[in-house]
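These notes concern the structure reproduced below.
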Amino acid sequence: MLLSCVPATQTGTSYSRSEARVLQQVKIGRVLDVAEVVIEGTKSGAGGIVGGAVGAIAGRNTGSGAGGKIAAVLGGTVGSVVGAKIEEATTRARGCEYTIRLEKGEVVSVVQAVDPKAVPIVVGDEVKLLSQGGNYRVTRLNVAGRR
């Protein structure tokens, strides 16, 4: 259940179902800078709920009567904190902040997760900046004869 907290990938090459077959605006630019960043993991509360439930069950099974009830409460509390931390850590992503000079001279920046299967975007690369509503993604512009 905890793995259901993992967000969809946030790379330049991943699309949700609702993004398929939707018109995107395209701008062309050149990468001026690439900085590694960390994209925070989710904090949906699901990790805390699952961890709390597991901790309470484990605590309840350690004794009977009042002692078992106290252990269940303590186990649930500790499990909730640990579960929330596990959720955030397992959904954290390595990302890059791309600073791009667009064709008309405007400079913009976009942060997205790193796609370990894609050729990395580096300073000097020509890129497409694709936008759909308020969402943006950066992909390398495929130019014949390059890499």
- Kindly establish whether I86 is within 25 Å of R30 (Cβ to Cβ), at pLDDT 65 or above and either assigned by TED's automatic domain parsing to the domain that holds A20 or surrounded by 15 or more Cβ atoms within 10 Å (Cβ to Cβ) (or both). no
- Matching residues, segment 122-140, being of a type in the set (D, E, K, R) and assigned to a loop (DSSP other than H, G, I, E, B): D125
- Note on the structure: Reported set for segment 90-117 where residues are over 16 Å from E36 (Cα atoms), within 19 Å of the chain's Cα centre (by Cα) and in a loop (DSSP other than H, G, I, E, B) is K117
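The values are calculated or read from the model by the stated rules, or taken from the named source; none is laboratory data. If you're wondering where the values come from, they're calculated on a predicted model, not measured in any experiment. Neighbour counts are summed over all protein chains in view; Cβ atoms, including those assigned to glycine, are modelled from backbone coordinates with ideal geometry.
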